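Asker: One structure coming up, written as structure tokens, with questions to follow.
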Amino acid sequence: MIFNKKPGFILSIIILIMFFFPGSGVSLSMDSEQIKEMIQAFKQDPRGPFRSIHWFCEDGTINPARQPCVDQKGNQHALHKARVINLAKTQGIYLGQILTGTSFNDFLDLPDFIDAQGQNSRLKQFIIEQYLQAADDGWIFHRARYYRGAIQMEDEEEWGLGFLKFLAGKNDLIKSRFFLVRQAVKEIPHRASEKQWEIIRAKSKILAEIYMPFEPLRVKLHGRPQARDIEKIREFNIEHKSKMSGRSLNILEELLTELKKAFSLSHINNLKSYIPVLHDSLPVKTQLNEFITAFGNKKGSLDENLVPQCRAAADLLLNIRKALLNIKSSGTRLKLMDLSHDLESILFRDAAQWQPKNLGDFLEKNYILAKALAGTGFIELWEWETIKQYLEIKENYEQPDETEKSGNRISFQDLIKKTDYCRRISEWGTGMVKAVYSREVEMFSKFEPLAQGFIDDRIRSSLLLAMGELAGQLADITAELSGISNQVMNIKDQNSIQGLNPGFALGELEVLRDLDKDMVFSDKKIYVLSHVPADIQPVAGIASVSEGNLVSHVQLLARSLGIPNAVIAPSHLEALKLFSGQNVFYAVSPRGKVVMKPGSQMSLQEIELFQKRERGTQKIMVPVHRLNLDNTSLISLKELRAYDSGVVCGPKAANLGQLKSLFPENVADGLVIPFGVFKKHMDQAMPNINITYWQFLQDIFSKAEADRQTGKPEQDIDEYILKNLAVFRDSISRIPFLPGFKQELSKRFIQEFGVKLGNLAVFIRSDTNMEDLKEFTGSGLNKTVFNVMNEKKIQQGIREVWASPFMERGYRWRQKFLLNPENVYPSILILPTINVDKSGVLITTGVSTRNPDHITLAFSKGPGGAVEGQAAETYLLKADGSSDFLSPSREPKYNVLFKKGGGKKEYRNFNERILVPDELEKLLAFASEIKAKLPGTPGIETNGPFDVELGFLKEKIWLFQVRPFVENKSASASAYLQSLDPKYPENINILLDGEYKISDNIMINQ
């Protein structure tokens, strides 16, 4: 039978044929449970995901296995079962991929699936499946490995070579997605070489599962493999040989063989095979020759050549990456990426062997590993160029005077900075892996939980493993020298945990790797999470693997309320799982020291903290006496000033009106619906109820208070309130507008914006009297309706924003900290959409440094940046014009707004920075203006610092909001928390040379 040559057409015909065969198992779509059942069936099926063997001919003909292609090229391999084809066709999930015959363009992208378009999802799925096969004894090929002819390795390698040359020829992908391109070169078969560290970890995992006594060695091999482990495994073999099964012994023998290969010194000499294929004009060829000459014939790695060998390998890795785009031949590019992987394997081995002898060694290892991570794609080239200055060890860094012990020294502050960047770079690299693979890992995890281990495997099989270990070691050194040592449940490497917000809490510890979208948080619990969700409810304390960014709504809310918050490593999350469910004491000091211990081990001073809190806790009474509810006309933003806050509108509109008077060119025109309009609407009778909306709301809280006085359980009271607030919200979402309101809105819209209502896209922002208070920020608790243009959608958006303060999340935060949450009055700010290129948050102080002369910036691409907890690009700007680059963005999606309303998420790459130097200079100058103009302005009740939301459209700054930056003074001023931070002289200098011991005080020169 002859088919059209297009692969998509062939698949379609096959699927149609399968529909006519009873029991084919074809369905239009499958849920996760059905896919999970199918995978389990494949594991037991001798043919796995395959149906039968066929010849696939060059002209599109598909012949039976015994009928080769005539007079044309062809490949023989398996045909997938109909269910597998259908799953790929309808849901974009590819199982048991056979590369041979696959269109290069189809493999590189998924044009039929909008959410994954342009994101190389099929390639990523192939890489994840390679991991699953290694980790789970073949996975869906458990028995199908013996299905002869299903996959022809020679054909797969031939296809792989062709595809990777095709891939290597794409300049845009090498430039924008270098990390993924390099991963593809590692995983797609194209040369007869094995991925030894992946094989070692997979075999050790399987062995530990079938023979439990091997578990400690498995942990060692997964965490910090060393050449001496070969002898340990030999000793294990001698001790346990009589107790192990034949299969266990075979795996152990295979594991030994792979370890010997991995630590074989012949690796460097094997690099000679690259010399003939590299052109003499390439500087990389000269550098490779020098590397082989210098280190190829050494007898051992544990000698004086280890450090220079690591240094040279890192240099070569970075230079290879930089050289790729200057080379025209895609074949040469592919060879250089193969060379890069071989060098990484050498450096991975040597980094594990390298045990620094002094502080200078530790800091040089930090620099070398960071450079290598840039060379291998875990951090971008521009990121490396920006931060290498912070990591460099200068020659004769600081010469001692004649009375001091000889040797070079660095300041303690510089050591802290280098240590901090070691942790940060490790986090950025981990963030790269997550950003690239998270979507596909999440997809696979729904039907194969083992996929959750993929990202950790990527990290542990890379130089991030050594960087993470080094971060812990440097954190231990600085902790010893400063006296600020964490005390976190005695877990490993705990000094690399970094406190973000000071505070203390007592509650049940809950440790969660994954979050359900309907997760309900409790203010009685301390949560350890992979990330902090943007809509989190009140909690007692937080620790997360990624800090997201310092100035998101959630982080600002936690900071203003004294909720302790810290950033941890992925390994800490796993370690703390052992304590999940226990009652723990958790504290973070002003300088970032973290304490977490069982509640039963609290000191008398710590117990007294909570007794004092109970006695001294005072909720805030939101002032309502200043409210002017008689103003029931819409107001131009230009007419408002800061002193109108809490009178006719909320602080968002009042302060933005003040900004417009000070910076008229940087604030758009706006229209405000004041408190009085809301209250007038609330005085209408609710449908089918003989009371007004307002009275219904007041009755909810009055009855709740009466029940509280009678001793009714708080949980029952909450359930009653939330149930009735849901009724209230639903009624507001359908509330009829008062006579004349629509007409006034249309009239004022034309007056303010110069166009008819429905002809301009706008944002509709909630602005209540219960936010931006001195002690409570309320940041991000209420709704913003994004970019609506249609007249009816704008009208409905007004109703939704009026209803949003009565959502459960907003109620819980207000109920916890405010005395009169029933007196919430929302005003509304309507602003025209400014479709900025990039946006974020500017804080007119150093959030992490507590230095009032510093400026903190967090920006993301597109509108709405940084406020929702995105991994934003973050800087610390200083008065002298210099800046510290704190973190890059690792957020792959950003908002794109449509001119006629609505929007979508698009994907971005990380090879280009979001804020360029010229924009940093503009923002520093603008922050200086804000600091000079806002304090002392009538109605502005603080001298700062200020929290400003803003963005760039082309080169122009647009301002969207300003509020006080609220910190919890009682937390930062707590005598107990301050006692956790010992005083140390600012002018400590630390010896770089000489054998290092943590307790060796002679290293410190005061």
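Each value in this text was obtained by applying a stated rule to the coordinates, not by laboratory testing. Every value quoted in this text rests on a predicted model; they were computed, and no experiment measured them. Reconstructed Cβ throughout: ideal geometry from the backbone, glycine too, with neighbour counts over all protein chains shown.
Asker: Region 635-832: percent of C-alpha pairs farther apart than 24 Å? Could you put the intermediate results ahead of the total?
Answerer: On the way: 8133 of 19503 pairs.
Percentage above 24 Å: 42.
Asker: Mind jotting down a quarter of the surface of the convex hull over the alpha carbons of region 131-187, in square nanometres, one decimal? Let's see the in-between values first.
Answerer: Details: hull surface 18.8 nm².
With the hull built on Cα positions only, its mean projection is 4.7 nm².
Asker: Right, here's the next one. Just rank His531, His77, fewest to most, by other beta-carbon atoms within 10 angstrom.
Answerer: His531, His77
Asker: Can you pull out the GluC sites (Glu not before Pro) in region 665-743 that DSSP calls coil and that have at most 10 other Cβ atoms within 10 Å?
Answerer: Values: sites: Glu665, Glu705, Glu714, Glu719; in loops: Glu665.
Answer by residue number: Glu665.
Asker: Can you pull the one-decimal nm distance between simple spin-label points at Val520 and Val219, each 7 Å off the Cα toward Cβ?
Answerer: 3.7 nm
Asker: Which of the cysteines found in the chain have nothing to pair with, since no other Cys Cβ lies under 4.7 Å from theirs?
Answerer: Here Cys310, Cys422, Cys649 come out as lacking a disulfide-compatible partner, given the Cβ-Cβ threshold of under 4.7 Å.
Asker: Can you give me the distance in nm between label points at Ala975 and Arg145, each placed 7 Å from the Cα along the Cα-to-Cβ direction?
Answerer: 6.7 nm
Asker: Let me ask you something else. If you line up the long axis of helix 32-44 against the longest principal axis of the chain, both from Cα atoms, how many degrees apart are they, to the nearest 10?
Answerer: Here the helix axis deviates by roughly 10 degrees.
Asker: Evaluate E = 1/(1 + (r/R0)^6) for Glu608 and Gln287, where r is the Cβ-Cβ distance and R0 equals 45 Å; express this FRET efficiency to the nearest 0.05. Please list the in-between numbers first.
Answerer: Numbers: r = 64 Å, r/R0 = 1.41.
So, using R0 = 45 Å, E works out to roughly 0.10.
Asker: Find how much the distance from Lys43 to Glu705 grows on full extension, using 0.36 nm per residue of separation minus their present alpha carbon separation; answer in nm with one decimal. Working shown, then result.
Answerer: Details: separation 662, 0.36 × 662 = 238.32 nm, distance 5.98 nm.
Additional length available on full extension: 232.3 nm.
Asker: A further question on this structure: Taking 60 Å as R0, compute the FRET efficiency from the Cβ-Cβ separation of Glu639 and Ser530 and round it to 0.05. Mind dumping the intermediate values first?
Answerer: Working: r = 47 Å, r/R0 = 0.78.
So, using R0 = 60 Å, E works out to roughly 0.80.
Asker: Something else now. Quick check on packing: order 937-944, 333-340 by the mean number of other C-beta atoms within 10 Å, highest mean leading.
Answerer: Numbers: 937-944: 14.6, 333-340: 22.0.
The packing order, highest mean first, is 333-340, 937-944.
Asker: Another one. What FRET efficiency would be calculated for the residue pair Asn631, Asp315, taking the C-beta separation as r and a Förster radius of 60 Å, to the nearest 0.05? Mind dumping the intermediate values first?
Answerer: Numbers: r = 69 Å, r/R0 = 1.15.
For Asn631 and Asp315, the calculated efficiency is 0.30.
Asker: Now, a different point. Quick one: angle between helix 196-210 and the longest Cα principal axis of the chain, in degrees between 0 and 90, rounded to 10, please.
Answerer: Compared with the principal axis, the helix lies near 80 degrees.
Asker: In degrees, nearest 10, range 0 to 90: what is the angle between the Cα axis of helix 246-262 and the longest Cα principal axis of the chain?
Answerer: 90 degrees
Asker: So in region 489-613, what percent of DSSP beta bridges are antiparallel if you round to the nearest 5?
Answerer: Numbers: 14 of 26 bridges.
The antiparallel proportion sits near 55 percent.
Asker: Charges only on Cβ, +1 for Lys and Arg, -1 for Asp and Glu: so what's the dipole of region 489-613 about the Cα centre, in debye to the nearest 20? Let's see the in-between values first.
Answerer: Values: 12 positive and 12 negative charges, 76 e Å.
The calculated dipole for region 489-613 is roughly 360 debye.
Asker: Using 0.36 nm times the number of residues separating Ser411 and Lys328, minus their current alpha carbon distance, what extension gain do you get? Walk me through the numbers on the way to the answer.
Answerer: Values: separation 83, 0.36 × 83 = 29.88 nm, distance 4.66 nm.
Separation in residues times 0.36 nm, less the Cα-Cα distance, equals 25.2 nm.
Asker: By per-residue mean of other Cβ atoms within 10 Å, what is the highest-first order of 268-277, 439-448?
Answerer: On the way: 268-277: 14.4, 439-448: 19.4.
The packing order, highest mean first, is 439-448, 268-277.
Asker: Considering the alpha-carbon set of region 266-479 alone, what are its Rg and its Dmax in angstrom?
Answerer: 18.9, 69
Asker: To one decimal place, what orientation-averaged projected area in nm² is obtained for the convex hull of the Cα set of the chain? Write down the numbers at each step before the final one.
Answerer: Working: hull surface 193.4 nm².
Projected over every direction and averaged, the Cα hull of the chain covers 48.3 nm².
Asker: Would you order Lys43, Lys357 from fewest to most other beta-carbon atoms within 10 Å of each residue's own beta-carbon?
Answerer: If I rank by nearby Cβ atoms, fewest first, I get Lys357, Lys43.
Asker: Here's a follow-up. For the chain, what does -39500 (n - 2.57) per DSSP helix run (n ≥ 4), summed and divided by total residues, give at 222 nm, in deg cm²/dmol to the nearest 500? Intermediate values should be presented prior to the final figure.
Answerer: Details: 34 runs with 437 residues, N = 1006.
Computed ellipticity for the chain at 222 nm equals -13500 deg cm²/dmol.
Asker: Here is the link list: Lys124/Lys904; Lys418/Lys905; Lys747/Lys931; Lys241/Lys577; Lys638/Lys742. Which ones come out longer than 29 Å on Cα distance? List each step's numbers first, then the result.
Answerer: Values: Lys124/Lys904 23 Å; Lys418/Lys905 36 Å; Lys747/Lys931 37 Å; Lys241/Lys577 34 Å; Lys638/Lys742 22 Å.
Beyond 29 Å: Lys418/Lys905; Lys747/Lys931; Lys241/Lys577.
Asker: Report the antiparallel proportion of the DSSP beta bridges in region 635-832 as a percent, rounded to a multiple of 5. All intermediate terms of the calculation are to be shown ahead of the outcome.
Answerer: Details: 16 of 17 bridges.
Of the beta bridges lying entirely in region 635-832, close to 95 percent run antiparallel.
Asker: Short version: what are the Cα gyration tensor semi-axes of region 870-933, square root of 5 times each eigenvalue, largest first, in whole Å? Could the numbers behind the result be given before it?
Answerer: Working: eigenvalues 150, 59, 17 Å².
Largest first, region 870-933 gives 27, 17, 9 Å.
Asker: Right, here's the next one. Return, for the Cα atoms of region 820-958, the radius of gyration and Dmax in Å, separated by a comma.
Answerer: Here Rg and the maximum Cα pair distance are 16.3, 50 Å.
Asker: How many nm is it between the label spots at Thr849 and Glu480, if each spot is 7 Å from the Cα in line with the beta carbon?
Answerer: 2.9 nm
Asker: Taking the mean number of other Cβ atoms within 10 Å as a proxy for protection, how do you rank 206-214, 498-506, 758-766, 915-923 from highest to lowest? Please report the intermediate quantities before stating the final value.
Answerer: On the way: 206-214: 17.7, 498-506: 24.0, 758-766: 21.3, 915-923: 15.6.
Answer by packing, highest mean first, reads 498-506, 758-766, 206-214, 915-923.
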